[in-house]
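J.: My questions will all concern the structure given below.
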Amino acid sequence: QVQLVESGGGLVQPGGSLRLSCAASGFTFSYSPMSWYRQAPGKERELVAHISSGGSSTTYADSVKGRFTISRDNAKNTVYLQMNSLKPEDTAVYLCNRRFYNDWGQGTQVTVSS
């Protein structure tokens, strides 16, 4: 069955960086566009970034453009989210998604606070 396992979250100070990973299994990862979403307490889930199956095309939410970078390693069945210049408003649970499918990981908590 499809499994998506996120890791890399934690507590970081404003201006800091984190790198999230999502390890995928149970489907042909190299054929699958992938996405990162996030959900803050009391707010709706929102898109952070998409990446195409080959990694050549990416899309970002305006709120993270220029600060976050999505990438993937198809040999490792893993998608990444490099997050720089983090702000308190980036605090949320970050979730990996197999795009166009209702396949989600359990999420990893990111907290940006001094």
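J.: Return the residue satisfying two criteria in turn: it lies in segment 97-113 and is hydroxyl-bearing (Ser, Thr, Tyr) and at pLDDT 95 or above, and of such residues it is surrounded by the most Cβ atoms within 10 Å (Cβ to Cβ). Can you show your working first?
T.: The initial filter retains those residues of segment 97-113 that are hydroxyl-bearing (Ser, Thr, Tyr), namely 101, 108, 111, 113.
So of that shortlist, the ones also at pLDDT 95 or above come out as 108, 111, 113.
Working: 108: 22, 111: 15, 113: 10.
So the residue we want is 108.
J.: Restricting attention to segment 66-74, does a residue exist that is assigned to a strand (DSSP E or B), open to solvent by 60 Å² or more (accessible area, probe 1.4 Å), under 21 Å from residue 112 (Cβ atoms) and in contact with a Ser or Thr (Cβ under 7 Å, 6 or more places away or on another chain)?
T.: Taking segment 66-74 first, the residues assigned to a strand (DSSP E or B) are 68-73.
Checking the rest, the ones that are also open to solvent by 60 Å² or more (accessible area, probe 1.4 Å) come to 69.
With under 21 Å from residue 112 (Cβ atoms) added as a condition, the list becomes 69.
Now drop any that are not in contact with a Ser or Thr (Cβ under 7 Å, 6 or more places away or on another chain), which leaves none.
Taking every residue of segment 66-74 in turn, none turns out to be assigned to a strand (DSSP E or B), open to solvent by 60 Å² or more (accessible area, probe 1.4 Å), under 21 Å from residue 112 (Cβ atoms) and in contact with a Ser or Thr (Cβ under 7 Å, 6 or more places away or on another chain).
J.: Just name the residue that is nearest to residue 89 (Cα to Cα) out of those in segment 18-37 that are open to solvent by 20 Å² or more (accessible area, probe 1.4 Å) and over 12 Å from the mean Cα position of the chain (by Cα).
T.: 33
J.: Taking only pairs six or more apart or across chains, which ones have beta-carbon atoms under 8 Å, a first residue in segment 98-114 that is at positive phi, and a second residue that is in a strand (DSSP E or B) and at pLDDT 90 or above?
T.: Filtered contacts from segment 98-114: 107/6; 107/39; 107/93; 107/94; 107/95.
J.: Turning to a different aspect of this structure: Check 40, 49 and return the single one that is among the aliphatic types (A, V, I, L, M), open to solvent by 20 Å² or more (accessible area, probe 1.4 Å) and out of contact with any helix residue (DSSP H, G or I) (no Cβ under 7 Å at 6 or more places or on another chain).
T.: The conditions single out 40.
The values are calculated or read from the model by the stated rules, or taken from the named source; none is laboratory data. From a predicted model like this one, the values you see are computed outputs, not experimental measurements. Cβ coordinates were reconstructed from backbone atoms using ideal geometry, including for glycine residues, and neighbour counts include every protein chain displayed. Quick note on the areas: whole protein, heavy atoms, side chains included, nothing else; ligands and nucleic acids left out. Shrake-Rupley method; radii C 1.70, N 1.55, O 1.52, S 1.80 Å.
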